[in-house]
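Right, one structure below, let's go through it.
Please treat every number below as a calculation from the coordinates, not as lab data. Every value quoted in this text rests on a predicted model; they were computed, and no experiment measured them.
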Amino acid sequence: MFVTRGHTLRLVDASRLPLRNAIVETIKLGYARLVYYAPHGFTFHLEVSRDGRAGCIAVRSRGTPLYGQQCLQELAKFLDAKQGTIEIIKLSDDRVRIDFQAMPSSIIPGGVAAVAQLVGLRSQQTGSPAAQATQTRQVRPMEPARVQQPATPQPRLTTIPSPAGSMYAAIVRRRGFEIGDIFNILAASAIALRGQEIGVRTAGRTCIDILDELLTVNARLYMRCRGEQGELHVYSDPSPRRIELLLISGEETLVGERALEGAARLQAEEVRVYVEQANLPRPR
């Protein structure tokens with residue numbers, strides 16, 4: 001995988017945002033990474049730079065990783081898939097440069113132009129003349145009606161100043177938990193894949209009520225709580241006493257304490273909780 005971390009702009013199910021359109025959004029951001037958590041144990045990391053370079057790494061639950069052109073060819077098989085989860089991450093030019101230096105095998109020979117050709121997007125003439133000279137031929141662009149507009153440059157993190165959420169954040173801290181300002185989707189996904197699912201009571205409860213109960217579990221866990229107003233993702237690690245939250249509500253993506261504030265009145269309709277099996281107490 002690439003070594004740097006950025007700001008998550010979107011985390012969405014592939015049934016709501018086609019992978020093809022998500023790649024278009026990623027290219028238009030300039031310096032960005034798309035992570036596609038595909039079915040059958042594949043996770044793709046596609047990174048692009050405004051200077052025309054692009055890299056791809058495919059991690060498999062079984063088998064060796066795929067890099068560069070091989071990764072892109074495998075990703076092409078999923079362009080019209082309706083399953084999986086898509087994450088779009090905003091990066092800086094320095095972070096992309098570090099990633100490509102650390103993982104040179106990930107670089108795609110045709111660069112961004114090859115990725116654009118894959119999804120039917122007209123190659124963008126950006127970057128240095130040398131980078132432009134290496135781009136492949138342009139292809140017919142997608143019909144404008146089918147291309148989604150790119151995500152906003154940064155998630156809106158200044159909304160919903162909920163007193164109830166702020167009060168609950170204070171309670172969380174008094175219990176010794178630090179609220180992180182990022183969300184580790186990879187750690188959460190690992191628990192969802194390999195952990196044990198446990199049942200929780202949802203009737204008449206908010207997502208925060210359920211989270212309050214789960215803070216007593218002495219194990220790393222991942223919770224996804226869905227309601228009419230949005231979807232709350234929680235990753236909790238009791239060892240460093242750290243909790244990370246991500247709330248997706250309409251066009252807004254909130255993280256950390258703001259996600260906690262936004263979810264203060266989110267009524268739980270569907271809840272999935274996964275706990276790391278290695279930390280579960282053994283039956284007596």
Once fully extended, how much extra length lies between Ala190 and Gln83, figured as 0.36 nm per residue of separation less the alpha-carbon to alpha-carbon distance?
36.8 nm
Note on the range 170-275: alpha-carbon gyration tensor, axes a ≥ b ≥ c; rule is a/c under 1.5 for rounded, else prolate if a/b larger than b/c, else oblate; result rounded
With x for Gly and Pro, the residue-by-residue ³J(HN,Hα) of the range 196-205, computed from phi through the Karplus equation 6.51 cos²θ - 1.76 cosθ + 1.60 at θ = phi - 60° and given in whole Hz, is 9, 7, 10, x, 9, 7, 10, 4, x, 10
Please list the non-local residues whose amide H lies under 5 Å from the amide H of Gly84, H modeled 1.01 Å from N, same-chain partners needing a gap of 5 or more.
Ala14
Using the Karplus curve 6.51 cos²θ - 1.76 cosθ + 1.60 with θ = phi - 60°, what ³J(HN,Hα) values do you get for each residue of the range 85-91, in whole Hz, with x for Gly and Pro?
10, 10, 10, 10, 10, 7, 10
Mean Cα-pair separation over length for the range 7-119, i.e. relative contact order, pairs under 8 Å, 6 or more apart, %
38 percent
